[in-house]
Each structure stands twice: as structure tokens, then as C-alpha cells.
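*Asks:* First, the structure itself, so that you have it in front of you.
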Amino acid sequence: MNVGNNRTRRTARAALALVLPLAALAACGGGGGTGSTSAEKGSGSGTIKVWAHQGQASEAAALKNAVKTFNSSQKKVKVKLTLIPDTDYTKTITATDPSKLPDVMEFDGPTMANFVYNRKLAPIDDHVSVKTLANATDSIKAQGRIDRKQYGLGMYDSGLGIYGNKKKLDEAGIKYPKGLSDSWTADEFTDAVKKLAAQDSDGKSLDLQENNGLATEWGTYGFAPAIWSAGGSLLKNGKAKGALDTPEAASALKTFQSWKTHVDPNTDGKAFAKGRVALSWVGHWMYPDYSKALGKDLVVLPLPDFGNGSKTGQGSWAWGIGADTKNGKAAGTFLDSLLNDTNVTAMTKANGAPPGTESALAESELYKKGGPLQLFADQLAKPCGDSDIDKTCVAVTRPVTGGYPTVTAKFSQALNDVYGGADPKTALAKAARAIDQDFSDNGGYKLP
């Protein structure tokens, strides 16, 4: 999915709201809660169907090459790959009956639990090798796990940070973090925003990727970390009340609201690259453009700490096995090949994302120790999962629930309302009520 312009790509891969109204996902499919989603093992040979999203050209080329290499490396399993346009992909899976889905399919990480709820995905534990599971990073495994069952693994992950213009920061006399251990507090970040704005002709010093829209998945992915960092959560034990609508969460969004005066709306997607602002709150995917524009003046900083430690979003596209496949063994054989370091490295060189395997991540020129994006690897090395969010962990998985479409739709709308001037306490309370009502109406989205 392209964000900002056709050259930049948000590999967080979560802009479902731009593809399909997220709340509609929960209503599609056959409903869940009962029955098995275990895939048949099958013969382990023959032709299997594989669906993937039609990503940017370099990603598509890497995937096609992985399939070609697999097909030519052995004669037992043949993969038939179908690429579906990015903007139609999630909608297509949602609208397709489980019996018509492929043996292997790619899916956007946050949609996984909803697809499991609608019996479209099966656990992969019994079909992929122990080596493949062991080499996946902890954050990748956290995104794809439900009740100790692994439903998905990704070739790559994602992360958030603050990109800074070192020259502008130095000119303003602002001390900035060197890593996770000394992240700005929320107050220190706010002070930096104000000081930088005071030295700017138009009073704008910060980019929040407002051009992507806040009432979209970008709003949730990009700014739920402020809630987590304040000690709140989007859900706790299946409830939004008491998690999302806390005084700490409201205070965090009040601070977020206060930045608007100094935010460049970034309508051209180039506020930071062109030097109009000194700070940009975004993810790893903007590094190529920013590095080219700023060179040695580019610094990469963690998100501010609202009291419970700096936090980041994580997660991206992942791969799983269709619940109705009759050849889970062959599907697993292909996934073992697809998720090896050769293919993971090729894919992440194509899209610049953090590799999803421990060994490929350690060797990545961008993310290895001493690399320009080491911060993102450091963050992903401290995964929280989606529930145990304390000061010691950093990378938080968006709620793994069949009701995620409702959670993100209501939270991002509340965020957008607050940004527009609404009272944070009122907006969050409204969102929490709507989420809990929807969960009540759907039996808590109990998974099979």
C-alpha cells in the first residue's frame, strides 16, 4: 500500500481502512466461535495455490523469484502464485468462502484473528519445520500467535521512531536521545517541538504524517504507542472500558492534541525531506527518502516516553495456511522455503523492512548492530505481545482479536476527533463503549 506518494511504502501494512471499512470485516464471513480450523496434512505433493498482495514492483519480483526457485528446486510440490492488487486484497479474502481460499495465503497482520474467527486460517505449527518457527523473531511470532498456536509468520516486520534533522536540533540547542535508554519524556518532546517551532518562520516543526489520515489504520498503528506508553491499552481481557478510557490515556492524547499548532499538514508528503520541519513521527519505511535528503544530518530517535517506557507499533504482512486446504504438508514445505534467509533477505532488500528471522536481522546492513536503523531492531528485540505491556518491553502487537476491525475503527476515529479539538476523556469513553458493545454483540469474538 502506498502512503504519501507512489515511491514510499508503509510496510506496516495495516491501512485496512483505506481498503475496506474495518468494521465490515467483522461482519463478513460465516462468523466464528465453534468448529476446528486444523488443516488436513495431505500427501505433501502436488500443486498448491498461493495468494499474495500485489506489492511494489521490487517486492513482487522478489516473491516471484522465490516461487520460481522453489518450483525448480524439487519436483514434489508446484506452487501456482496469484497476485491480487493491494487495494483489493483484504477485501477479496474477506468476501471469499473458506472452501474457495488457497492453500497458502498472505494476510495483513491485524486481520489474522478475524480470519481465524471466520475459519479461514489454520495453525501452521504442524506443517512448517521446527527450524522455521525457531528462527522467526519473537515479535513476528507474537503477531501470528493465538492461544499458543502459530497461525502466521512474516518475512518482515515494522517499527516506528522519530526522525530528526540534526542540524536543526543542534542550532536550537536541543539535546536528543542516543537510543532507547534515554528517550525523551513526553514533556521533553513537547518542549523540543516548541523550541524548534519558535525558530521556524511558519511555526511548524513536526510531521505526524497527517496526510495519511488519522481516522485510518495509520492513526492506530502510529499513535496507539502513546496510549501504551502512558500505561493504557486498547483492550484488556477483552474489554476497552478500564483500558482505553483511563485518565493516563486521556492525558496522553491531550498532549498529542497540543502539538497540532506546530504540525505541518504535509500535504505533499515531503515536509521533513524538504526541511520544512525538524522532526517526523513515522516508521522505518521513510528511511530511504529521508537518508537521501538529509545524509549525515539524519538522526533516528525512539518515540517519547509518556510514563510507561517508550513504545512502538510492530507487525506487517504475514503468511499462513488456508483452513480448508487438503495439503497442509505441501503448504508447509513451501513456507519453509519462502521464510528462509535467502528469500527473507531478498524481500527486505526490496522493501527496506526489518527482516523477520533472527539470522537475517543480525546480518542486515540497515538493522544490524552499528547499522543506521539499529534502533528499530533494538525495539523489536523487546516485544510486549498484545497484553503484557510494562516498562521493560517496547514493541507492542496490535490486539490479536477477531474484533480488531472495530477496535481500530473506533480508536482511530477518537484520535482524529481529539486532534480536531474534542475532549480526550469524552472521545475515549465513547470509543470504549462502542468497542465493548460490539464485542458483547458478537460473543466476545471467541475464536475456534
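*Asks:* Please compute one quarter of the surface area of the Cα convex hull for the chain and express it in square nanometres.
*Replies:* If I average the Cα hull's projected area over directions, I get 18.8 nm².
*Asks:* Counting Lys and Arg as +1 and Asp and Glu as -1, each charge on the Cβ, what is the dipole of the stretch 194-322 about the Cα centre in debye, to the nearest 20?
*Replies:* That gives the stretch 194-322 a dipole magnitude of about 180 debye.
*Asks:* Ok, one more. Exceeding 21 Å between C-alpha atoms, which entries from my cross-link table qualify? They are LYS274/LYS311; LYS178/LYS368; LYS270/LYS296.
*Replies:* In this structure, LYS274/LYS311 lie more than 21 Å apart at Cα.
*Asks:* Name the shape class, rounded, prolate or oblate, that the alpha-carbon gyration tensor gives for the stretch 82-148, where a ≥ b ≥ c are the square roots of its eigenvalues, rounded holds for a/c under 1.5, and otherwise prolate holds if a/b is larger than b/c and oblate otherwise.
*Replies:* prolate
*Asks:* Angle check, please: helix 247-258 long axis (alpha carbons) against the longest principal axis of the chain (alpha carbons), in degrees 0 to 90, nearest 10.
*Replies:* Between the helix axis and the principal axis of the chain, the angle is about 60 degrees.
*Asks:* Suppose every Lys and Arg Cβ carries +1 and every Asp and Glu Cβ carries -1, with no other charges. What dipole size does the chain come out with about its Cα centre, to the nearest 20 debye?
*Replies:* Dipole size: approximately 880 debye.
*Asks:* Here's a follow-up. Skipping prolines and chain starts, which residues have an amide H placed within reach, meaning under 5 Å, of the one on CYS384, given they are 5 or more residues away or on another chain?
*Replies:* Amide H neighbours of CYS384, under 5 Å, 5+ apart: VAL394, ALA395, VAL396, THR397.
*Asks:* Positive end of the dipole of the chain, charges at C-beta (+1 Lys, Arg; -1 Asp, Glu), about the Cα centre: which of VAL344, PHE70, THR37 has its Cα farthest in that direction?
*Replies:* PHE70
*Asks:* Between the stretch 219-287 and the stretch 87-147, how many Å separate their Cα centres?
*Replies:* If we compute the Cα centre of each part, the gap is 28 Å.
*Asks:* May I pose another question? Using DSSP to define loop residues, name the trypsin sites (Lys or Arg not before Pro) in the stretch 66-147 whose beta-carbon has at most 11 other beta-carbon atoms within 10 Å.
*Replies:* On the way: sites: LYS68, LYS75, LYS76, LYS78, LYS80, LYS91, LYS100, ARG119, LYS120, LYS131, LYS141, ARG145; in loops: LYS75, LYS76, ARG119, LYS120.
Sparse-neighbourhood loop trypsin sites (Lys or Arg not before Pro): LYS75, LYS76.
*Asks:* Here's another thing I want to ask about it. From the Cα gyration tensor of the stretch 117-162, with a ≥ b ≥ c the square roots of its eigenvalues, which class applies: rounded if a/c is under 1.5, or else prolate if a/b is larger than b/c, or else oblate?
*Replies:* oblate
*Asks:* Give the cross-link partners of LYS41 among the lysines, using a straight C-alpha distance below 23 Å as the criterion and excluding same-chain residues fewer than 8 apart.
*Replies:* LYS49, LYS75, LYS76, LYS78, LYS80, LYS100, LYS120, LYS131, LYS141, LYS149, LYS326, LYS329
*Asks:* Could I ask something else about it? Which of ALA330, PHE115, GLY307 sits farthest toward the positive end of the charge dipole of the chain, with +1 on the Cβ of Lys and Arg and -1 on the Cβ of Asp and Glu?
*Replies:* Of ALA330, PHE115, GLY307, it is ALA330.
*Asks:* About the Cα centre, and with charges only on the beta carbon of Lys, Arg (+1) and Asp, Glu (-1), how big is the dipole of the stretch 77-126? Nearest 20 debye, please.
*Replies:* 200 debye
*Asks:* At ALA381 and LYS131, where each label point lies 7 Å from the Cα along Cα→Cβ, what is the point-to-point distance in nanometres?
*Replies:* With each label placed 7 Å out from Cα toward Cβ, I get 2.5 nm.
*Asks:* For the chain, give the share of DSSP beta bridges that are antiparallel, in percent and rounded to the nearest 5; count only bridges with both residues there.
*Replies:* 55 percent
*Asks:* Chymotrypsin sites (Phe, Trp or Tyr not before Pro) within the stretch 172-221: which are DSSP loop residues with at most 16 other Cβ atoms inside 10 Å?
*Replies:* Passing sites in the stretch 172-221 do not exist.
*Asks:* Is the stretch 326-448 best put as rounded, prolate or oblate by its Cα gyration tensor, with a ≥ b ≥ c the root eigenvalues, rounded for a/c under 1.5, and otherwise prolate when a/b is larger than b/c, oblate when not?
*Replies:* It comes out oblate by the Cα gyration axes.
*Asks:* Can you give the local net charge around VAL400? Use residues other than it whose beta-carbon is closer than 9 angstrom to its beta-carbon, Lys and Arg +1, Asp and Glu -1.
*Replies:* +1
*Asks:* How large a share of the accessible area of the stretch 89-186, in percent, is made up of carbon and sulfur atoms when the probe is 1.4 Å and the other protein chains stay in place?
*Replies:* Details: 1640 of 3570 Å².
Carbon plus sulfur share of accessible area: 46 percent.
*Asks:* With axes computed from alpha carbons, what is the tilt in degrees of helix 186-198 against the longest principal axis of the chain, rounded to the nearest 10 within 0 to 90?
*Replies:* 60 degrees
*Asks:* Enumerate the amide H contacts of ARG145 below 5 Å, restricted to partners 5 or more residues apart or on another chain; note that Pro and chain-start residues carry no placed amide H.
*Replies:* Under 5 Å from the amide H of ARG145: TYR151.
The values are calculated or read from the model by the stated rules, or taken from the named source; none is laboratory data. The structure presented is a predicted model; accordingly, all values stated were derived computationally and were not measured. Quick reminder, even Gly has a Cβ in these numbers, built from the backbone with ideal geometry, and neighbours come from all protein chains shown. With ligands, DNA and RNA removed, areas are computed over all heavy atoms of the protein, side chains included. Shrake-Rupley method; radii C 1.70, N 1.55, O 1.52, S 1.80 Å.
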